[in-house]
1. Mean 1/r over all different Cα pairs, inverted: what Kirkwood radius does the range A:20-109 give, in Å?
2. Give me Rg/Rg_expected for the protein assembly as shown, where Rg uses Cα atoms only and Rg_expected = 2.2 N^0.38 Å with N residues.
3. In whole percent, and with a 1.4 Å probe on the protein chains, what portion of the accessible area of the protein assembly as shown is carbon and sulfur?
4. More than 20 angstrom separation, counting every C-alpha pair in the range B:188-329; what % is that?
5. With a 1.4 Å probe on protein heavy atoms only, tell me which residues of the range A:247-275 lose at least 10 Å² of accessible surface in the complex relative to the chain by itself.
6. Send over the semi-axes of the range A:208-253's equivalent ellipsoid, whole angstrom and largest first, taken as the square roots of 5 times the C-alpha gyration tensor eigenvalues.
7. Let me spell out the model: positive unit charges on the Cβ of Lys and Arg, negative unit charges on the Cβ of Asp and Glu, origin at the Cα centre of the range A:112-200. What dipole size does that give, in debye rounded to 20?
8. Considering protein heavy atoms only and a 1.4 Å probe radius, which residues within the range A:135-169 exhibit an accessible-area decrease of no less than 40 Å² in the full assembly relative to the chain by itself?
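The values are calculated or read from the model by the stated rules, or taken from the named source; none is laboratory data. Only a predicted model underlies this, so the values are computations on that prediction, with no experimental measurement involved. In this analysis, Cβ positions are derived from the backbone assuming ideal geometry, glycine residues included, and neighbour counts consider all displayed protein chains. Quick note on the areas: whole protein, heavy atoms, side chains included, nothing else; ligands and nucleic acids left out. Shrake-Rupley method; radii C 1.70, N 1.55, O 1.52, S 1.80 Å.
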Amino acid sequence: MEIFGISTALLGSQLLVGLINGSFYAILSLGLAIIFGLLNIINFCHGAQYMMGAFVAWIALTRFGINYWVALIAAPLIVGVVGVLIERLMLRRLYKLDHLYGLLLTFGLALIFEGIFRDQFGISGESYEVPELLSGGVNLGFMFLPIYRGWVIIASLTVCFGTWYMIERTKLGAYLRAGTENSAMVQALGINVPLLITFTYGYGVALAAFAGVLAAPIFQVNPLMGSNLIIVVFAVVVIGGMGSIMGSILTGLGLGLIEGLTRVFYPEASSVVVFVIMVIVLLLRPAGLFGKS
Amino acid sequence: MSSRKYARTACAAALAALSFGAQAQISGGSVKIGVLTDLSGTYSDLAGSGAILATRMAIDDFIANEKPSFKIEVVTADHQNKADIASNKAREWIERENVDTVTELVTTSTALAVMKVAKEKDRVVIMNGPASTPITNEQCNDVSVHYTYDTYALANGTAKAVTTQGGKSWFFLTADYAFGHALEKDSSAVVTANGGKVLGAVRHPFPGSDFSSFLLKAQSSGAQVIGLANAGADTTNAIKQAAEFGVTPKQSLAGLLMFITDVHALGLKPTQGMFLTTGFYWDRTEETRAWSKRFFDKQKKMPTMVQAGQYSSIYHYLKAVKAAGSDDTSKVMAAMKKTPINDFFAKNGQIRDDGRMVHDMYLVQVKKPADSKYPWDYYTIKATIPAAEAFQPLAQSRCPLIKK
């Protein structure tokens with residue numbers, strides 16, 4: 001069967017691939033949205049932190065023999081601690097200033113991180129094998145689905161919705177939200193708001209690093225892997241509505257699907273389709289699809 | 001004047017004349033080489049700091065072996081793969097620092113931009129990194145040398161070998177910019193000329209990271225061979241994902257431009273069995289091994305063909321300066337073209353009037369992991385493509401310098 005000259009099998013497989021990419025967008029834009037929503041910082045080194053997650057996993061495996069499953073927990077923790085240091089030593093000084101300063105600082109940090117990794121590891125990238133348990137694939141009839149890609153969808157959606165639940169439905173999340181609404185009042189109630197903010201930034205960074213570990217077996221672990229992705233992820237956040245948690249998850253998945261469809265019908269446009277949508281959304285709904293205007 | 005005093009004066013005069021002669025012919029008293037390459041971007045591993053090292057090795061060896069009477073200096077810069085940065089830097093070097101030759105120039109756009117500046121200022125350009133054939137065709141000039149390889153030679157090696165060995169139906173995965181299109185066009189021509197058929201192509205944005213959609217398209221075409229008309233990270237990601245989606249080994253991949261650094265980055269598991277064309281492989285002869293090991297000691301990586309070509313071309317350039325007794329562009333170009341190149345990189349290599357250095361190329365196949373015995377033992381040489389067959393014949397040249 002064919003739709004517009006494209007077989008349904010090919011169409012189905014492209015939609016699935018789109019969903020896989022969408023789950024990467026979702027988890028990365030979620031981290032950005034949390035940091036922006038709660039800290040009002042546009043975290044431009046999110047891509048570099050994603051890359052660092054992948055590199056930490058690779059270094060752990062090649063230098064210390066630490067396997068994928070341990071790295072999946074350890075790498076986000078390590079990179080998250082780096083995030084905590086960045087927040088404590090640098091970002092904290094900028095909260096009172098215009099958020100452009102935060103953007104410039106994090107952009108500078110991204111260039112420094114990428115430069116260090118490029119200098120140490122070169123540009124060709126390093127190979128990270130798919131873990132034994134998830135290697136191979138299943139024939140779905142219309143396509144061959146690598147098991148690892150299926151795992152990426154499950155892992156990232158679980159983490160995304162878990163995060164959403166934590167922020168929207170738990171006491172800790174309520175403190176976080178309240179702290180950003182009126183930090184003086186919350187502090188007066190005896191809650192340590194600066195600590196909450198540090199935790200939030202560290203968690204957002206850890207999400208980026210988690211995506212990096214998920215990405216390592218699919219893409220070459222490369223110093224520039226984050227900078228190639230970050231602009232698209234920013235577009236996702238803008239379309240979803242800056243700071244909207246659920247908006248970033250749903251928009252990430254949706255745009256992955258739209259990008260996948262564009263690759264079937266007009267591949268040349270697949271790298272710009274996200275930005276076309278961003279322009280249209282900004283014209284019609286300047287606060288984004290899920291943003292509060 | 002006593003005979004002794006006379007002899008002394010004569011000797012002094014002769015020495016003065018000699019040194020004056022040598023100095024007078026070399027502008028500024030030294031030969032200055034500018035290495036303009038990618039030091040930070042996507043091609044920095046295959047050219048970059050390794051190309052600078054190769055240049056310095058060539059100069060050191062030349063001074064040790066040929067004992068020139070002139071000084072040699074090197075300046076280096078990162079062109080960031082941008083044509084405007086490249087041409088500005090070249091202009092600054094030539095005008096302010098009296099640079100005699102601008103070299104390396106990976107990426108076609110930077111090469112073409114610098115060729116224009118060099119022609120205007122009458123300086124030599126030696127290119128090792130860029131691949132596109134327009135450099136020695138429509139855009140050719142009399143101050144430029146295209147030394148290591150080009151897209152014609154790549155297509156003629158890999159596409160021809162794969163087609164004649166039974167890979168008759170092809171589908172291309174092409175980077176959507178000038179280089180990718182040129183490589184796809186050159187390769188398609190070779191495939192059809194050898195009795196094969198091109199079933200289609202998909203053009204992916206450059207640079208890309210996720211190729212799964214494009215690979216699924218290539219898979220559904222049912223072609224026996226998927227030709228990768230891209231380079232660098234695009235190629236390595238495509239190969240990795242082809243294995244992941246079960247595209248290979250049912251369909252085979254042909255990497256139309258791959259360097260040993262790409263194979264090293266991916267490892268042998270996903271690349272085994274692939275054919276590729278190269279102008280240099282470190283483990284080919286005693287000579288290549290000896291030079292490459294010296295390179296490896298400093299760089300901790302085996303050289304790519306671009307880096308080996310950089311050494312060979314700089315040594316050849318310096319020999320030409322010595323032979324001409326001058327750094328004047330036309331004299332040096334004449335000497336470079338007149339002298340055949342015989343070193344570890346090329347045997348009986350020759351620079352033609354269109355600026356193309358023609359030499360043997362090698363068709364290689366990537367080894368299986370089990371067959372690789374020591375570090376960087378990656379290739380089996382399947383065939384030597386003689387210089388006359390590897391490169392576009394002068395009769396087909398579109399270079400205005402070639403009279404028909």
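1. 14.2 Å
2. 1.08
3. Carbon and sulfur together cover 61 percent of it.
4. 58 percent
5. When all protein chains are present, A:Arg263, A:Val264, A:Pro267, A:Glu268, A:Ser270, A:Ser271 each give up 10 Å² or more of accessible surface.
6. 23, 12, 8
7. Dipole about the Cα centre, nearest 20: 400 debye.
8. Those are A:Phe144, A:Pro146, A:Arg149, which lose 40 Å² or more relative to the chain on its own.
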